[in-house]
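So the structure is just underneath, and the comments pick up after that.
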Amino acid sequence: MLFGCFREVLSVAYIVMSPVPAFVDWADGRLQVPGLKVSEKKLGQLTGIFRDQQAWSRLDPETIVYRVWWWEPVPSGTEGGLFWGLTEIQPGRVGKEYFMTRGHRHVVRNRAEFYGTITGTGKLVLMDASGRTWFEDMTPGSLHYIAGEVAHRIVNTGEVPIRVTACWPSDAGHDYEIAGGHGFNARIVEERGAPVLVSAKD
Ligand code: 6PG
Ligand code: NI
């Protein structure tokens, strides 16, 4: 009798304490979880990111370039924890350069990250600590391992939004001072209707 009562208390406690999972709509990457965080970047906030500053200043600063939704199941900075997010970049260009994220390295340099493309097409631009810059093609289903130390930026080269899901360590942090403020060594621009990687100096 006493044992039965104890068992009941235990099962109630289990129901109260059992965590509710988050939900991902795998068709579009949309996340559903209490406390979901969101941030958006408009053209006007992306100062100095695009090469053609004249073209940038002619565009509407209120234009949304990208949004990020993410879930922090543990507090930011927790060693050993993970975050999950979704980045959506709109199609568009500033001059010849496609809409893209600011790009960053992780503050804790050895923290790696996974990116997975859900919809759309683009390029994942990567730059290592020596300045070597390259890209990987992003298409639905492409899964990208971004090693620690490597700066990363998503470029939308398509005509529809690109949606990319990501998983990264909760103590990684973001460092936007790429190469002491000089940025990536190469950019993705449109040439004769196709995206190409060109030196940032060109
Ligand atoms: C991260 C991820 C990713 C990234 C967004 C926006 O480390 O958090 O790489 O969520 O932050 O795609 O890109 P920016 O942080 O470069 O603006
Ligand atoms: Ni990152």
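So here's what we get for this one:
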quantity	calculated
Leading residue by the ranking (surrounded by the fewest Cβ atoms within 10 Å (Cβ to Cβ)) among those in the range 131-158 that are within 11 Å of ligand 2 (Cβ to nearest atom) and either modelled with pLDDT under 95 or more than 21 Å from Trp26 (Cα to Cα) (or both)	Gly148
Near pairs, Cβ below 7 angstrom, 6+ apart or cross-chain, from the range 164-188 (closer than 22 Å to Lys201 by Cα and open to solvent by less than 20 Å² (accessible area, probe 1.4 Å)) to any residue that is near ligand 2 (Cβ under 10 Å from one of its atoms) and not in a loop (DSSP other than H, G, I, E, B)	Ile178/Arg105; Ile178/Ala151; Phe184/Ala151; Phe184/Arg153
In the range 153-202, the residues that are within 30 Å of Val74 (Cα to Cα) and among the hydrophobic types (A, V, I, L, M, F, W, C)	Ile154, Val155, Ile162, Val164, Ala166, Cys167, Trp168, Ala172, Ile178
Failed item, numbered, when Lys123 is tested on (1) open to solvent by less than 60 Å² (accessible area, probe 1.4 Å); (2) assigned to a strand (DSSP E or B); (3) within 12 Å of ligand 1 (Cβ to nearest atom)	(3)
Filter result (of a type outside the set (A, V, I, L, M) and either closer than 17 Å to Ile49 by Cβ or in contact (Cβ under 8 Å) with a residue 24 or more places away in the chain (or both)) within the range 189-198	Glu190, Glu191, Pro195
So Arg187, is it within 16 Å of ligand 2 (Cβ to nearest atom) and either over 20 Å from Leu31 (Cα atoms) or part of a loop (DSSP other than H, G, I, E, B) (or both)	no
In the range 92-132, the residues that are touching a Leu at 6+ places or on another chain (Cβ under 7 Å) and of a type outside the set (Phe, Trp, Tyr)	Val94, Arg102, Gly116
Selection status of Val155, outside any loop (DSSP other than H, G, I, E, B), within 17 Å of Trp70 (Cα to Cα) and within 15 Å of ligand 1 (Cβ to nearest atom)	no
Residues satisfying the stated conditions in the range 63-117, i.e. of a type in the set (S, T, N, Q) and open to solvent by 30 Å² or more (accessible area, probe 1.4 Å)	Thr63, Ser76, Thr78, Gln90, Asn110
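The values are calculated or read from the model by the stated rules, or taken from the named source; none is laboratory data. In this text the structure is predicted, and so the values were computed from the model without any measurement. Positions of Cβ are backbone-derived with ideal geometry, glycine not excepted, and every protein chain shown enters the neighbour counts. All accessible areas refer to the heavy atoms of the entire protein, side chains included, with ligands and DNA or RNA removed. Shrake-Rupley method; radii C 1.70, N 1.55, O 1.52, S 1.80 Å.
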